[in-house]
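Take a look at the structure set out below.
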Amino acid sequence: MKLLVTGGAGYVGSVVSALLLEAGHEVVVLDDLSTGHEDAVPEGARLVRGTLRDTAADVLGGAGFDAVLHFAAKSLVGESVEKPGLYWDKNLGESLALLDAMRVAGVPKIVFSSTAATYGEPESTPILETDPTRPTNPYGASKLAIDTALAEYARLHGLGGVSLRYFNVAGAYGRHGERHTVETHLIPNVLKIAQGDGDAVKMFGDDYPTPDGTCVRDYIHVTDLGRAHLLALNACEPGTHRIFNLGSGTGNSVREVVEVCRAVTGREIPAEVAPRRAGDPAVLVASSEKIQAELGWKPERDLRAMVDDAWTFLRSR
Ligand code: UDP
(Lines give C-alpha, C1' and ligand atoms only; values in the text may rest on other atoms or scores of the structure.)
Protein backbone atom coordinates (compact mmCIF):
# COMPACT_ATOMS: atom_id res chain seq x y z
CA MET A 1 0.00 0.00 0.00
CA LYS A 2 1.02 3.63 -0.43
CA LEU A 3 0.95 5.13 3.08
CA LEU A 4 1.34 8.55 4.64
CA VAL A 5 2.81 8.48 8.15
CA THR A 6 2.35 11.77 9.98
CA GLY A 7 4.87 12.20 12.79
CA GLY A 8 7.10 9.52 11.28
CA ALA A 9 10.22 11.28 12.58
CA GLY A 10 9.11 10.70 16.18
CA TYR A 11 9.55 7.70 18.48
CA VAL A 12 6.52 5.51 17.71
CA GLY A 13 6.03 6.91 14.20
CA SER A 14 9.58 6.02 13.14
CA VAL A 15 9.30 2.47 14.50
CA VAL A 16 5.99 1.92 12.71
CA SER A 17 7.44 3.40 9.48
CA ALA A 18 10.32 0.94 9.67
CA LEU A 19 7.94 -2.00 10.19
CA LEU A 20 5.73 -0.85 7.30
CA LEU A 21 8.72 -0.63 4.96
CA GLU A 22 9.84 -4.11 6.02
CA ALA A 23 6.35 -5.37 5.19
CA GLY A 24 6.78 -4.02 1.65
CA HIS A 25 4.68 -0.85 1.84
CA GLU A 26 5.59 2.51 0.31
CA VAL A 27 5.99 5.13 3.06
CA VAL A 28 5.91 8.93 2.90
CA VAL A 29 6.58 10.67 6.23
CA LEU A 30 5.03 14.07 6.94
CA ASP A 31 6.63 15.74 9.95
CA ASP A 32 7.32 19.35 10.92
CA LEU A 33 10.39 18.18 12.92
CA SER A 34 9.24 20.27 15.91
CA THR A 35 9.94 17.32 18.20
CA GLY A 36 10.95 14.61 15.74
CA HIS A 37 14.40 14.02 14.23
CA GLU A 38 15.19 13.92 10.54
CA ASP A 39 17.69 11.09 11.03
CA ALA A 40 15.02 8.96 12.75
CA VAL A 41 13.09 8.63 9.49
CA PRO A 42 13.94 5.14 8.21
CA GLU A 43 15.84 4.66 5.00
CA GLY A 44 13.44 4.04 2.16
CA ALA A 45 10.82 6.49 3.42
CA ARG A 46 10.47 9.90 1.78
CA LEU A 47 10.33 12.82 4.25
CA VAL A 48 8.14 15.83 3.59
CA ARG A 49 8.78 18.57 6.12
CA GLY A 50 5.70 20.58 7.08
CA THR A 51 2.66 20.88 9.29
CA LEU A 52 -0.56 19.02 8.56
CA ARG A 53 -2.42 22.28 8.21
CA ASP A 54 -0.04 23.66 5.59
CA THR A 55 0.98 20.55 3.68
CA ALA A 56 -1.41 17.58 4.13
CA ALA A 57 -3.69 18.65 1.28
CA ASP A 58 -0.76 19.12 -1.13
CA VAL A 59 0.88 15.83 -0.22
CA LEU A 60 -2.32 13.78 -0.44
CA GLY A 61 -3.92 15.50 -3.42
CA GLY A 62 -4.01 13.26 -6.51
CA ALA A 63 -1.23 11.06 -5.17
CA GLY A 64 -3.17 7.81 -4.75
CA PHE A 65 -2.54 7.14 -1.07
CA ASP A 66 -4.29 4.07 0.35
CA ALA A 67 -4.18 5.08 4.01
CA VAL A 68 -2.78 7.43 6.65
CA LEU A 69 -1.16 6.48 9.94
CA HIS A 70 -1.48 9.54 12.14
CA PHE A 71 1.08 10.05 14.92
CA ALA A 72 1.91 13.77 14.67
CA ALA A 73 0.92 15.37 17.99
CA LYS A 74 2.00 17.25 21.07
CA SER A 75 2.19 14.70 23.87
CA LEU A 76 3.36 16.20 27.15
CA VAL A 77 0.66 16.17 29.82
CA GLY A 78 2.27 18.92 31.93
CA GLU A 79 2.75 21.22 28.94
CA SER A 80 -0.87 20.65 27.93
CA VAL A 81 -2.05 21.93 31.31
CA GLU A 82 0.10 25.06 30.92
CA LYS A 83 -0.84 25.68 27.28
CA PRO A 84 -4.25 24.12 26.58
CA GLY A 85 -4.76 26.26 23.47
CA LEU A 86 -1.61 24.87 21.89
CA TYR A 87 -2.84 21.31 22.42
CA TRP A 88 -6.30 21.98 21.00
CA ASP A 89 -4.76 23.72 18.01
CA LYS A 90 -1.94 21.26 17.24
CA ASN A 91 -3.76 18.04 18.15
CA LEU A 92 -7.39 18.62 17.23
CA GLY A 93 -7.04 21.53 14.78
CA GLU A 94 -4.30 19.94 12.68
CA SER A 95 -6.05 16.55 12.76
CA LEU A 96 -9.19 18.16 11.35
CA ALA A 97 -7.09 19.66 8.56
CA LEU A 98 -5.71 16.17 7.86
CA LEU A 99 -9.16 14.56 7.87
CA ASP A 100 -10.50 17.07 5.45
CA ALA A 101 -7.48 16.73 3.17
CA MET A 102 -8.10 12.94 3.21
CA ARG A 103 -11.77 13.45 2.36
CA VAL A 104 -10.96 15.74 -0.57
CA ALA A 105 -8.22 13.42 -1.86
CA GLY A 106 -10.35 10.30 -1.38
CA VAL A 107 -7.99 8.53 1.03
CA PRO A 108 -10.20 5.84 2.60
CA LYS A 109 -8.41 4.64 5.77
CA ILE A 110 -6.74 5.99 8.89
CA VAL A 111 -5.01 4.44 11.89
CA PHE A 112 -4.82 6.93 14.73
CA SER A 113 -2.35 7.06 17.59
CA SER A 114 -4.53 7.63 20.66
CA THR A 115 -3.83 7.30 24.35
CA ALA A 116 -4.92 5.89 27.70
CA ALA A 117 -5.12 9.56 28.81
CA THR A 118 -8.56 9.63 27.12
CA TYR A 119 -9.93 7.59 30.06
CA GLY A 120 -8.66 9.76 32.92
CA GLU A 121 -8.88 8.33 36.45
CA PRO A 122 -10.23 4.79 36.02
CA GLU A 123 -13.20 3.49 37.98
CA SER A 124 -12.05 -0.11 37.64
CA THR A 125 -9.04 -2.10 36.48
CA PRO A 126 -8.16 -3.31 33.87
CA ILE A 127 -9.59 -0.53 31.67
CA LEU A 128 -12.01 -1.61 28.94
CA GLU A 129 -12.77 0.30 25.73
CA THR A 130 -16.35 0.68 26.96
CA ASP A 131 -15.29 2.43 30.18
CA PRO A 132 -16.11 6.14 30.65
CA THR A 133 -13.78 8.64 28.99
CA ARG A 134 -13.13 11.51 31.37
CA PRO A 135 -9.71 12.93 30.52
CA THR A 136 -8.09 14.95 33.29
CA ASN A 137 -5.87 17.15 31.09
CA PRO A 138 -5.98 18.92 27.69
CA TYR A 139 -3.68 16.32 26.14
CA GLY A 140 -6.16 13.50 26.78
CA ALA A 141 -9.15 15.72 26.00
CA SER A 142 -7.76 16.80 22.63
CA LYS A 143 -6.99 13.18 21.68
CA LEU A 144 -10.49 12.12 22.69
CA ALA A 145 -11.99 14.86 20.53
CA ILE A 146 -10.13 13.43 17.53
CA ASP A 147 -11.80 10.06 18.18
CA THR A 148 -15.15 11.84 18.06
CA ALA A 149 -14.22 13.47 14.75
CA LEU A 150 -13.09 10.10 13.34
CA ALA A 151 -16.43 8.53 14.29
CA GLU A 152 -18.26 11.34 12.47
CA TYR A 153 -16.07 11.09 9.37
CA ALA A 154 -16.74 7.34 9.34
CA ARG A 155 -20.49 7.80 9.71
CA LEU A 156 -20.90 10.70 7.33
CA HIS A 157 -18.08 10.32 4.80
CA GLY A 158 -17.49 6.55 4.87
CA LEU A 159 -13.96 6.74 6.31
CA GLY A 160 -12.53 3.51 7.76
CA GLY A 161 -10.77 4.35 11.02
CA VAL A 162 -9.05 2.55 13.88
CA SER A 163 -7.86 4.33 17.04
CA LEU A 164 -5.25 2.61 19.17
CA ARG A 165 -5.17 3.77 22.78
CA TYR A 166 -1.62 3.27 23.99
CA PHE A 167 -0.69 2.68 27.58
CA ASN A 168 3.02 3.07 28.57
CA VAL A 169 5.17 2.55 25.49
CA ALA A 170 8.83 1.64 26.06
CA GLY A 171 11.80 -0.07 24.44
CA ALA A 172 13.44 0.57 21.09
CA TYR A 173 13.75 -1.00 17.67
CA GLY A 174 17.35 -0.89 16.47
CA ARG A 175 18.27 2.76 15.92
CA HIS A 176 14.72 3.92 16.64
CA GLY A 177 14.15 4.82 20.28
CA GLU A 178 13.04 7.59 22.63
CA ARG A 179 14.91 10.86 22.03
CA HIS A 180 12.77 13.50 23.68
CA THR A 181 14.39 16.84 24.42
CA VAL A 182 12.27 17.07 27.55
CA GLU A 183 12.18 13.54 28.95
CA THR A 184 9.42 12.86 31.46
CA HIS A 185 9.03 9.10 31.07
CA LEU A 186 10.15 6.71 33.74
CA ILE A 187 12.30 4.15 31.88
CA PRO A 188 14.49 6.62 29.91
CA ASN A 189 14.86 8.72 33.07
CA VAL A 190 16.01 5.71 35.12
CA LEU A 191 18.44 4.67 32.38
CA LYS A 192 19.90 8.18 32.27
CA ILE A 193 20.77 7.83 35.95
CA ALA A 194 22.30 4.41 35.14
CA GLN A 195 24.52 6.19 32.62
CA GLY A 196 25.67 8.63 35.29
CA ASP A 197 23.56 11.52 34.01
CA GLY A 198 22.04 12.77 37.30
CA ASP A 199 22.25 11.71 40.95
CA ALA A 200 19.19 9.60 41.73
CA VAL A 201 15.89 8.46 40.26
CA LYS A 202 12.99 10.38 41.74
CA MET A 203 10.11 8.01 42.44
CA PHE A 204 7.04 10.20 42.53
CA GLY A 205 5.09 9.07 45.61
CA ASP A 206 5.21 5.86 47.67
CA ASP A 207 1.90 6.23 49.48
CA TYR A 208 -0.48 5.12 46.72
CA PRO A 209 -2.93 2.28 47.39
CA THR A 210 -0.77 -0.25 45.51
CA PRO A 211 1.23 -3.27 46.79
CA ASP A 212 4.49 -1.31 47.24
CA GLY A 213 3.01 2.19 47.42
CA THR A 214 4.35 3.36 44.04
CA CYS A 215 2.21 3.85 40.92
CA VAL A 216 1.44 0.88 38.70
CA ARG A 217 1.51 1.18 34.90
CA ASP A 218 1.02 -1.12 31.93
CA TYR A 219 4.23 -1.14 29.85
CA ILE A 220 4.16 -2.25 26.21
CA HIS A 221 7.12 -2.79 23.90
CA VAL A 222 7.23 -0.37 20.97
CA THR A 223 7.61 -3.24 18.47
CA ASP A 224 4.53 -5.03 19.88
CA LEU A 225 2.75 -1.70 19.54
CA GLY A 226 4.08 -1.31 16.00
CA ARG A 227 2.78 -4.73 14.95
CA ALA A 228 -0.67 -3.73 16.15
CA HIS A 229 -0.65 -0.85 13.65
CA LEU A 230 -0.15 -3.21 10.74
CA LEU A 231 -3.07 -5.33 11.93
CA ALA A 232 -5.18 -2.20 12.46
CA LEU A 233 -4.42 -1.03 8.94
CA ASN A 234 -5.90 -4.22 7.54
CA ALA A 235 -8.89 -3.94 9.89
CA CYS A 236 -10.04 -0.50 8.64
CA GLU A 237 -13.51 -0.96 7.16
CA PRO A 238 -15.36 1.79 5.27
CA GLY A 239 -17.90 3.61 7.42
CA THR A 240 -16.67 2.29 10.75
CA HIS A 241 -14.51 3.67 13.52
CA ARG A 242 -13.08 1.10 15.93
CA ILE A 243 -11.19 1.69 19.16
CA PHE A 244 -8.71 -0.71 20.75
CA ASN A 245 -6.64 -0.48 23.91
CA LEU A 246 -3.00 -1.39 23.55
CA GLY A 247 -1.23 -2.57 26.66
CA SER A 248 0.22 -5.81 27.92
CA GLY A 249 -2.58 -6.34 30.46
CA THR A 250 -0.14 -6.52 33.36
CA GLY A 251 0.99 -3.82 35.71
CA ASN A 252 4.43 -2.96 37.07
CA SER A 253 5.17 -0.51 39.85
CA VAL A 254 7.74 2.28 39.69
CA ARG A 255 9.89 0.33 42.16
CA GLU A 256 9.69 -2.80 40.01
CA VAL A 257 10.77 -0.82 36.94
CA VAL A 258 13.79 0.54 38.82
CA GLU A 259 14.68 -3.02 39.93
CA VAL A 260 14.48 -4.33 36.35
CA CYS A 261 16.70 -1.44 35.19
CA ARG A 262 19.25 -2.34 37.89
CA ALA A 263 19.21 -5.99 36.80
CA VAL A 264 19.57 -5.20 33.09
CA THR A 265 22.27 -2.54 33.41
CA GLY A 266 24.16 -4.13 36.28
CA ARG A 267 24.44 -0.64 37.76
CA GLU A 268 23.41 0.46 41.23
CA ILE A 269 20.97 3.25 40.15
CA PRO A 270 20.29 5.27 43.33
CA ALA A 271 16.60 6.06 43.79
CA GLU A 272 14.75 8.24 46.26
CA VAL A 273 11.11 8.90 47.04
CA ALA A 274 9.91 12.34 45.89
CA PRO A 275 6.49 14.01 46.26
CA ARG A 276 3.62 12.74 44.12
CA ARG A 277 3.39 14.16 40.60
CA ALA A 278 0.14 16.04 40.06
CA GLY A 279 -2.49 14.12 38.11
CA ASP A 280 -0.95 10.63 38.41
CA PRO A 281 -3.61 7.91 38.88
CA ALA A 282 -2.45 5.07 41.20
CA VAL A 283 -3.02 2.27 38.69
CA LEU A 284 -3.41 2.33 34.89
CA VAL A 285 -3.67 -1.11 33.33
CA ALA A 286 -5.35 -1.93 30.01
CA SER A 287 -7.56 -4.79 29.12
CA SER A 288 -6.22 -5.72 25.69
CA GLU A 289 -8.69 -8.58 25.25
CA LYS A 290 -10.58 -6.78 22.50
CA ILE A 291 -7.59 -6.39 20.17
CA GLN A 292 -6.46 -9.93 21.00
CA ALA A 293 -9.89 -11.34 20.15
CA GLU A 294 -10.73 -9.18 17.12
CA LEU A 295 -7.34 -8.58 15.46
CA GLY A 296 -5.36 -11.55 16.78
CA TRP A 297 -2.69 -9.35 18.38
CA LYS A 298 -0.78 -10.33 21.46
CA PRO A 299 2.19 -8.87 23.31
CA GLU A 300 5.43 -10.80 22.88
CA ARG A 301 8.07 -8.76 24.67
CA ASP A 302 8.15 -8.22 28.44
CA LEU A 303 9.41 -5.39 30.64
CA ARG A 304 12.91 -6.83 30.76
CA ALA A 305 13.08 -6.84 26.94
CA MET A 306 11.84 -3.22 26.87
CA VAL A 307 14.55 -2.10 29.29
CA ASP A 308 17.17 -4.20 27.52
CA ASP A 309 16.38 -2.64 24.12
CA ALA A 310 16.10 0.90 25.53
CA TRP A 311 19.48 0.45 27.26
CA THR A 312 21.15 -0.84 24.08
CA PHE A 313 19.67 2.10 22.16
CA LEU A 314 20.85 4.65 24.73
CA ARG A 315 24.38 3.30 24.82
CA SER A 316 24.64 3.29 21.04
CA ARG A 317 24.15 7.06 20.99
N1 UDP B 1 7.73 8.44 37.35
C2 UDP B 1 8.63 8.54 38.41
N3 UDP B 1 9.81 9.20 38.17
C4 UDP B 1 10.15 9.71 36.95
C5 UDP B 1 9.21 9.59 35.88
C6 UDP B 1 8.01 8.95 36.12
O7 UDP B 1 8.38 8.08 39.53
O8 UDP B 1 11.23 10.29 36.79
C9 UDP B 1 6.46 7.71 37.58
C10 UDP B 1 5.22 8.51 37.27
O11 UDP B 1 4.82 9.27 38.40
C12 UDP B 1 4.22 7.40 36.92
C13 UDP B 1 5.10 6.32 36.27
O14 UDP B 1 6.44 6.61 36.70
O15 UDP B 1 3.65 6.87 38.08
C16 UDP B 1 5.07 6.34 34.75
O17 UDP B 1 5.27 7.68 34.31
P18 UDP B 1 5.55 8.07 32.80
O19 UDP B 1 5.77 9.55 32.78
O20 UDP B 1 6.64 7.20 32.27
O21 UDP B 1 4.23 7.66 32.05
P22 UDP B 1 2.68 8.07 32.31
O23 UDP B 1 2.08 6.90 33.05
O24 UDP B 1 2.64 9.34 33.09
O25 UDP B 1 2.13 8.19 30.93
When you scan segment 195-210, how many residues do you find that are part of a loop (DSSP other than H, G, I, E, B), touching a residue at least 40 places away in the same chain (Cβ under 8 Å) and within 26 Å of the chain's Cα centre (by Cα)?
-> 4
Pairs only if they're at least six apart or on different chains, beta carbon under 8 angstrom, first in segment 164-191 and over 22 Å from MET203 (Cα atoms), second within 10 Å of the ligand (Cβ to nearest atom) and among the hydrophobic types (A, V, I, L, M, F, W, C); list them, first residue then second.
-> ARG165/ALA116; TYR166/ALA116
What is the residue count in segment 215-256 for residues that are hydroxyl-bearing (Ser, Thr, Tyr) and over 12 Å from the mean Cα position of the chain (by Cα)?
-> 4
Leading residue by the ranking (surrounded by the fewest Cβ atoms within 10 Å (Cβ to Cβ)) among those in segment 58-79 that are touching a Ser or Thr at 6+ places or on another chain (Cβ under 9 Å) and not in a strand (DSSP E or B) | GLY78
Hey, any hits in segment 267-283 for a residue that's surrounded by fewer than 19 Cβ atoms within 10 Å (Cβ to Cβ), charged (D, E, K, R), in a loop (DSSP other than H, G, I, E, B) and free of Cβ contacts under 8 Å to residues at least 24 places away in the same chain?
-> yes
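Quick check on segment 228-251. Is at least one of its residues within 15 Å of the ligand (Cβ to nearest atom) and either part of a helix (DSSP H, G or I) or of a type in the set (Phe, Trp, Tyr) (or both)? Step through it out loud before you land on a result.
Here is the first cut: in segment 228-251, the ones within 15 Å of the ligand (Cβ to nearest atom) are 245-248, 250-251.
Retained after the next criterion (residues that are either part of a helix (DSSP H, G or I) or of a type in the set (Phe, Trp, Tyr) (or both)): none.
Looking through segment 228-251, none of the residues is within 15 Å of the ligand (Cβ to nearest atom) and either part of a helix (DSSP H, G or I) or of a type in the set (Phe, Trp, Tyr) (or both).
Here is a yes/no grid of residues against (1) farther than 28 Å from VAL27 by Cβ; (2) not hydroxyl-bearing (Ser, Thr, Tyr):
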site: VAL59; (1), (2): no, yes
site: TRP88; (1), (2): yes, yes
site: ASP100; (1), (2): no, yes
site: PHE112; (1), (2): no, yes
site: TYR119; (1), (2): yes, no
site: ASP131; (1), (2): yes, yes
site: THR136; (1), (2): yes, no
site: SER142; (1), (2): no, no
Given (1) more than 13 Å from the ligand (Cβ to nearest atom); (2) in contact with a Leu (Cβ under 8 Å, 6 or more places away or on another chain); (3) of a type in the set (D, E, K, R), ARG217 misses just (1)
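In segment 87-106, which residues are of a type in the set (A, V, I, L, M), surrounded by fewer than 21 Cβ atoms within 10 Å (Cβ to Cβ) and either in contact (Cβ under 8 Å) with a residue 60 or more places away in the chain or under 18 Å from GLY50 (Cβ atoms) (or both)?
Filtering segment 87-106 down to residues of a type in the set (A, V, I, L, M) leaves 92, 96-99, 101-102, 104-105.
So of that shortlist, the ones also surrounded by fewer than 21 Cβ atoms within 10 Å (Cβ to Cβ) come out as 92, 96-97, 104-105.
Matches in segment 87-106: LEU96, ALA97, VAL104, ALA105.
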Would you confirm whether any residue within segment 192-199 is at pLDDT 95 or above, within 10 Å of the ligand (Cβ to nearest atom), among the charged types (D, E, K, R) and surrounded by fewer than 17 Cβ atoms within 10 Å (Cβ to Cβ)?
-> yes
In contact with a Pro (Cβ under 8 Å, 6 or more places away or on another chain) and either closer than 30 Å to VAL104 by Cβ or of a type in the set (Asp, Glu) (or both), is that true of LEU164?
-> no
Can you name the condition, by its number, that LYS109 falls short on among (1) surrounded by fewer than 17 Cβ atoms within 10 Å (Cβ to Cβ); (2) away from the ligand (no atom under 16 Å from the Cβ)?
-> (1)
Considering residues that are in a loop (DSSP other than H, G, I, E, B), farther than 21 Å from LEU99 by Cα and in contact (Cβ under 8 Å) with a residue 40 or more places away in the chain, the number found within segment 10-57 is 5
Count of residues meeting criterion [surrounded by 15 or more Cβ atoms within 10 Å (Cβ to Cβ), under 27 Å from ARG317 (Cβ atoms) and not polar (S, T, N, Q)] in segment 21-36 | 8
Quick check: is even one residue across segment 166-177 at positive phi, within 16 Å of the chain's Cα centre (by Cα) and either within 16 Å of the ligand (Cβ to nearest atom) or part of a strand (DSSP E or B) (or both)?
-> yes
From the residues in segment 112-127 that are among the hydroxyl-bearing types (Ser, Thr, Tyr) and within 16 Å of the ligand (Cβ to nearest atom), which one is surrounded by the fewest Cβ atoms within 10 Å (Cβ to Cβ)?
-> THR125
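The values are calculated or read from the model by the stated rules, or taken from the named source; none is laboratory data. It should be emphasised that the depicted structure is a prediction, and the values quoted were computed from it without experimental measurement. Using ideal geometry, Cβ is built from the backbone for each residue, glycine included, and neighbour counts are taken over all protein chains shown.
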